[in-house]
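The values are calculated or read from the model by the stated rules, or taken from the named source; none is laboratory data. All figures in this text were calculated on a predicted structure; none of them were measured in a lab. Virtual Cβ from ideal backbone geometry, glycine too; neighbours counted across all protein chains shown. With ligands, DNA and RNA removed, areas are computed over all heavy atoms of the protein, side chains included. Shrake-Rupley method; radii C 1.70, N 1.55, O 1.52, S 1.80 Å.
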Amino acid sequence: MYPGKSRDLFQATLQGGETYFLQVREDGTTLPLAVERDQAEAYLKAAHAQRHVLSRASTVEACRHYGFLETQKVADRDYSFTTERLFVGGKLVMSASGKQALKQFIEDLQKDGVPLREVHIEGHTDPLGDEAENQLLGLRRANAVREALIAQGVPQALISASSSGHRDPVVDVCYGSRAEQRACYAPNNRVVLKVRTQKDSRLP
């Protein structure tokens, strides 16, 4: 509860392996001032070092090091589900069969016993209709599946979603009436789950 803890907060995105030089502002604000390396090094040579350490940790925990991760590699697997199986009547409401399919998908991942790194969901459509609308429809399908996976316990930080629209078809060319084309293009209406897991490289 020290003064200023909840005021003048700021957020920064820092990249691993990089060195940043920040200077405390003299005007009393908490937002640091970014300076160039040469300027910082020149200032540090003449500066009097002061170090004040205040522990804000309620408990101390040893660093967690998982050695087995060093022997693991990333494994990729794709799972494809038709929208007919996932949704009710072509809408974005998850059907009973869709919920069961995603439940089985999660159980299959858990059976493998390997850490899940990422699930990227791609929504796909057939080529019928407007391209922009198909792009949006693909994204809505992907987001609907993302929300369903989160509801079933998959951490949302591991799941991302995007749309391929009709740019990655399973069936390229269909002829006939509109109804015949729609039936022919049906396999293109799908949602693909691209899974990245950690796999022990010592195993076959």
*Kindly check whether there is at least one residue in region 62-76 that is modelled with pLDDT of 75 or more and within 23 Å of Leu158 (Cβ to Cβ).*
yes
*Do you know which residues across region 78-106 are more than 23 Å from Gly165 (Cβ to Cβ), in contact (Cβ under 8 Å) with a residue 24 or more places away in the chain and open to solvent by 70 Å² or more (accessible area, probe 1.4 Å)?*
Lys99, Lys103
*Looking at (1) touching a Pro at 6+ places or on another chain (Cβ under 7 Å); (2) modelled with pLDDT of 95 or more, which is the one condition that is false for Val171?*
(2)
_Count of residues meeting criterion [in a helix (DSSP H, G or I) and in contact with a helix residue (DSSP H, G or I) (Cβ under 7 Å, 6 or more places away or on another chain)] in region 146-185_ = 4
_Per-region count, region 139-181, residues under 14 Å from the mean Cα position of the chain (by Cα) and open to solvent by 60 Å² or more (accessible area, probe 1.4 Å)_ = 5
*Filter region 182-204 down to the residues that are surrounded by 10 or more Cβ atoms within 10 Å (Cβ to Cβ) and more than 20 Å from Arg141 (Cβ to Cβ), then identify the one that is modelled with the lowest pLDDT.*
Ser201
*asked:* I need every pair where a residue in region 142-158 that is within 20 Å of Thr82 (Cα to Cα) has its Cβ under 9 Å from the Cβ of a residue that is part of a loop (DSSP other than H, G, I, E, B), sequence separation at least 6 or different chains.
replied: Asn143/Leu92; Ala144/Leu92; Ala144/Val93; Arg146/Val154
*Name the residues in region 107-129 that are closer than 16 Å to Leu86 by Cβ and open to solvent by 20 Å² or more (accessible area, probe 1.4 Å), would you?*
Glu122
*Does any residue of region 130-138 turn out to be open to solvent by 20 Å² or more (accessible area, probe 1.4 Å), within 17 Å of Val191 (Cβ to Cβ), in contact with a strand residue (DSSP E or B) (Cβ under 8 Å, 6 or more places away or on another chain) and hydrophobic (A, V, I, L, M, F, W, C)?*
yes
